[in-house]
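Right, one structure below, let's go through it.
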Amino acid sequence: MRIVHCSDIHYGTEDPAMVAGFVRCVRELSPDLVVASGDFTMAGRHAEYRAAAAMLGSLSTPVLAVPGNHDLPVYNLVERFVSPLRRYRRHLGPVARDAFVGGPAALLGLNSARPWGLSFNWSHGRLSASQVRRADAFFEKHAGRPFKALVVHHPFQVPEDLPGFRTIGNGDAMLEVLARHGVRAVLAGHLHRQFQISRTLTLDSGARDVVLVQVSTLCSRRARDQANGFVVLDVQGSDAELTEHLWDGSRFAEGNRSPLGDAQS
Ligand SMILES: [Fe+2]
Ligand SMILES: [Fe+2]
């Protein structure tokens, strides 16, 4: 089974050549699932959403999506607080799902974006206790699928050289649930940086590794310090091989290939 994981498409600042390059790549790679871990837009504008929906709908592949902090309306504050996901659901609901169960895999997507927060910076994300319970029930129900993964927008780990970012709220409670169910990976975005880190959790039943997979922004011109890109996961049983695809100026070129959880240089 093949999964393409992309994130932070950010319509509004998109590079059209990269969008076209991604669509071409997905056709060639012919994945069973495309995972898009949030920030489809810059400000939650209808026009940005329409472009994102059109692109995702053109892929002829099931799409699993979760909202990012940029997907809540920025300029309509009433809507932002009263029904923050109305636009997301209206535009992306017809072309994306929040869970995928098929072949060896069971993936669950959860919304970690919040319309407001106690800190000055509202871009931080968190998971609620009920979302932790939902993940517990989902992965219990699909215990027989060897490859299980959670999809969220916000990161469970933040590199030290990105001081403005925080790890996802309530992440430790979620990680404990994931480890208990043998969930292999968390697929996330928000940092606009690609890396994978293995987190080892010690449970009564022994140590379990959960791999945190972060991808760069797919096609925003606001790429941080890394080329735009996405990754491909080729799932074999309970594990997977991860292949980077990075923009080289004219196309997304295949880069490093490594077992899921191996540190990349
Ligand atoms: Fe982003
Ligand atoms: Fe974000």
Nothing charged except the Cβ atoms of Lys and Arg (+1) and of Asp and Glu (-1): what's the magnitude of the dipole of the chain about its Cα centre? Round to the nearest 20 debye. 900 debye
Which of Gly164, Trp116, Ala106 sits closest to the plus end of the dipole of region 104-170, meaning its Cα is farthest towards the positive end, when Lys and Arg get +1 and Asp and Glu get -1 on the C-beta? Ala106
The farthest towards the positive end of the charge dipole of the chain, of the residues Ala52, Leu201, Asn256, given +1 on Cβ of Lys and Arg and -1 on Cβ of Asp and Glu, is Ala52
Show that you can apply the helix-only estimate: for the chain, add -39,500 (n - 2.57) for every DSSP H stretch of four or more residues, divide by all residues, and state [θ] at 222 nm to the nearest 500. -7000 deg cm²/dmol
Estimated distance in nm for a label pair at Ser130 and Phe165, the labels positioned 7 Å out from Cα along Cα-to-Cβ: 2.9 nm
Taking all pairs of different Cα atoms in region 2-259, averaging 1/r and flipping that mean, what Kirkwood radius in angstroms comes out? 18.2 Å
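Counting other C-beta atoms within 10 Å, and keeping those with at most 16, which DSSP coil GluC sites (Glu not before Pro) do you find in region 88-179?
Sparse-neighbourhood loop GluC sites (Glu not before Pro): Glu160.
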Just how large is the dipole of region 47-158 about the Cα centre, in debye to the nearest 20, putting +1 at every Lys and Arg Cβ and -1 at every Asp and Glu Cβ? 180 debye
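Which of rounded, prolate, oblate describes region 5-140, given a ≥ b ≥ c as roots of the alpha-carbon gyration tensor eigenvalues and a/c under 1.5 marking rounded, otherwise prolate only if a/b is larger than b/c?
Details: a/c = 2.09, a/b = 1.14, b/c = 1.83.
Oblate, since a/c reaches 1.5 and b/c is not below a/b.
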Roughly how many nanometres apart are two label points built 7 Å out from the Cα toward the Cβ at Val101 and His142? 0.8 nm
Suppose the chain between Arg90 and Gln236 were pulled fully straight at 0.36 nm per residue; how much longer would it get relative to their current alpha carbon spacing? 49.1 nm
Which of rounded, prolate, oblate describes region 60-213, given a ≥ b ≥ c as roots of the alpha-carbon gyration tensor eigenvalues and a/c under 1.5 marking rounded, otherwise prolate only if a/b is larger than b/c? oblate
On the first, second and third principal axes, largest extent first, how far apart are the outermost C-alpha atoms of region 167-254 in Å? 50, 31, 13
Non-local amide H neighbours of Leu64 (under 5 Å, H modeled in plane, Pro and chain starts lacking H): which ones? Val34, Val35, Ala36, Arg97
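Each reported figure results from applying straightforward, stated rules to the coordinates on display, with no laboratory input. Keep in mind the model is a prediction, meaning the values are calculated, not measured. Neighbour counts are summed over all protein chains in view; Cβ atoms, including those assigned to glycine, are modelled from backbone coordinates with ideal geometry.
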